[in-house]
1. Hey, any idea what Rg/Rh is for segment 298-350, computing Rh the Kirkwood way over Cα pairs?
2. Quick one: order Ser153, Ser194, Ser347 from most to least accessible surface, probe 1.4 Å.
3. Compute, for Met274, the solvent-accessible surface of its heavy atoms (probe 1.4 Å) with the complete set of protein chains present, and express it in square angstrom to the nearest 10.
4. Counting only residues 5 or more places away or on other chains, whose amide H sits under 5 Å from the amide H of Lys253 once H atoms are built in the peptide plane?
5. Go through Trp390, Trp330 and list them by solvent-accessible area, largest first, probe radius 1.4 Å.
6. Could you estimate the translational diffusion coefficient of segment 190-244 from the Stokes-Einstein equation, with Rh from the Kirkwood formula over C-alpha pairs, at 25 °C and 0.890 mPa s, in whole µm²/s?
7. For Thr103, Thr314, write out the residues from largest to smallest accessible area, computed with a 1.4 angstrom probe and no ligands counted.
Amino acid sequence: MAQFDPRRQPMRLAPHMMTAVAALSVALFASRAYQPAQAEEVPTLSASQIAALEVQAFASANAPAGMTAPEAVPVQIRRGETFEQAVRRTGVAPEEASAVAATVANAFDLKDLRAGLRFETAIAKPRNGMGDARLIGLTMRTGPATQLTVSRSFDGALRLRSLEEKVSRETVVVKGDVERSLSASARELGATASIVSAASRLFATKFDMQRDVRASDEFTMVFDRDITEAGRTVNVGDLLYAELRGVTFYRFKPAGAKEAQFFDANGKNLRSSMMRTPLQSFRRVSSGFGVRTHPISGYRKMHQGTDFAAASGTPVVAPADGVVVEARRWGGYGNWLRIRHNNGLESGYGHLSRYATGLRAGQRVSQGQVVAYVGSTGASTGPHLHYELWRNGQRINPAGVRTQEGTELAGADLAAFRAEKSRIDRIIAAGGHKRPVVQQASAEGLRPAQG
């Protein structure tokens with residue numbers, strides 16, 4: 001078990017620690033003052049050396065007689081368990097666990113705690129192994145940027161501190177070359193899963209993400225996030241800009257529009273009527289549209305769709321806005337899904353492992369929304385997606401469908417878009433941008449436990 005390190009929560013250091021450090025500093029100064037004149041000057045202590053002294057002072061001051069130095073003991077609340085019961089599992093006496101719970105309850109309603117919540121304790125144990133352990137400190141996060149800490153004073157009384165970290169907003173620019181995959185490369189550079197997913201949906205309207213995107217292709221993603229002074233991301237905003245192989249997408253909301261859309265550098269709406277493929281990731285096209293020898297029956301017959309070899313569980317997305325017509329078992333297709341789109345188009349998906357949670361007939365879906373997952377149900381030799389397109393009730397080759405794009409901005413909308421484009425371009429050139437603080441830090445002083 002790792003020794004408790006108070007540097008992880010510097011705001012909860014008890015006053016006696018600072019006293020101990022000050023005493024050490026005075027001792028060092030005094031020893032230097034009484035050295036002969038020709039002696040070498042004692043070097044200034046570095047931040048890491050001071051921190052090490054603080055740790056030593058904390059450990060020695062907080063280890064009661066006959067007890068070990070405090071060790072970090074992580075705790076997770078179990079289903080049906082109270083906060084007090086969770087504290088008891090660290091080995092402290094029942095009355096001490098009750099006192100700790102009462103202290104925390106001064107600043108936080110313990111009824112709001114849910115199973116799975118984690119907090120950290122600092123526990124000292126009897127050196128002879130006999131008797132109860134003693135809680136030296138406790139830290140619990142109560143929100144994305146707030147936490148409570150409990151510590152002990154010299155006289156052993158519990159003290160409570162409520163801390164709210166400073167949170168600032170910044171615009172992040174993630175820029176690099178594709179290596180193993182676009183998703184992996186972007187994640188390694190700091191993009192979150194939600195941002196990568198949003199950008200991939202945009203790119204999928206212009207590229208076959210499996211065959212058109214290659215290693216060394218350049219990409220850029222720009223998005224907002226809220227970050228604490230400790231460097232922890234507490235919220236991720238919308239994707240503002242995405243670029244792949246020179247194709248750019250700027251986020252902009254025209255006047256009167258219900259939601260923001262993406263436009264090219266000239267203000268042309270880049271929303272395509274149909275994505276190139278319903279998968280953002282697959283191994284290969286295992287069977288195209290046309291006559292083939294059926295892998296199970298051995299007969300030559302018409303294959304009226306496209307098969308994408310992909311790992312079981314790979315998300316399947318709606319290639320365009322539409323309404324679910326059916327989601328059911330259908331013979332050799334196994335788990336089957338059909339979606340009706342505009343312009344007389346319908347899309348079909350076979351051999352699915354399962355549907356998206358809550359998906360049912362009559363439900364509206366949006367372009368890029370996950371609707372199902374790749375599987376191998378029905379007459380299938382392995383995990384893959386069978387994808388069909390129908391026009392006016394007749395199956396057609398998905399590869400031959402031409403997509404249509406939206407209109408171009410004009411007038412006041414175009415002027416506003418150009419201003420927003422210029423702002424984003426400046427941020428990209430600068431490599432990012434930090435905005436004013438959106439939440440000011442505040443910390444309450446140490447408070448004695450009530451009762």
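The values are calculated or read from the model by the stated rules, or taken from the named source; none is laboratory data. All figures in this text were calculated on a predicted structure; none of them were measured in a lab. Please note that ligands, DNA and RNA were not included when accessible areas were found on the heavy atoms of the full protein model with its side chains. Shrake-Rupley method; radii C 1.70, N 1.55, O 1.52, S 1.80 Å.
1. Values: Rg = 12.7 Å, Rh = 12.8 Å.
Ratio of gyration radius to Kirkwood radius for segment 298-350: 0.99.
2. Details: Ser153 30, Ser194 70, Ser347 0 Å².
These residues rank, largest area first, as Ser194, Ser153, Ser347.
3. 10
4. Amide H neighbours of Lys253, under 5 Å, 5+ apart: Gln261.
5. Details: Trp390 40, Trp330 85 Å².
Most to least solvent-accessible, the answer reads Trp330, Trp390.
6. Working: Rh = 12.4 Å.
It comes out at roughly 197 µm²/s.
7. Numbers: Thr103 0, Thr314 20 Å².
Final ranking, largest accessible area leading: Thr314, Thr103.
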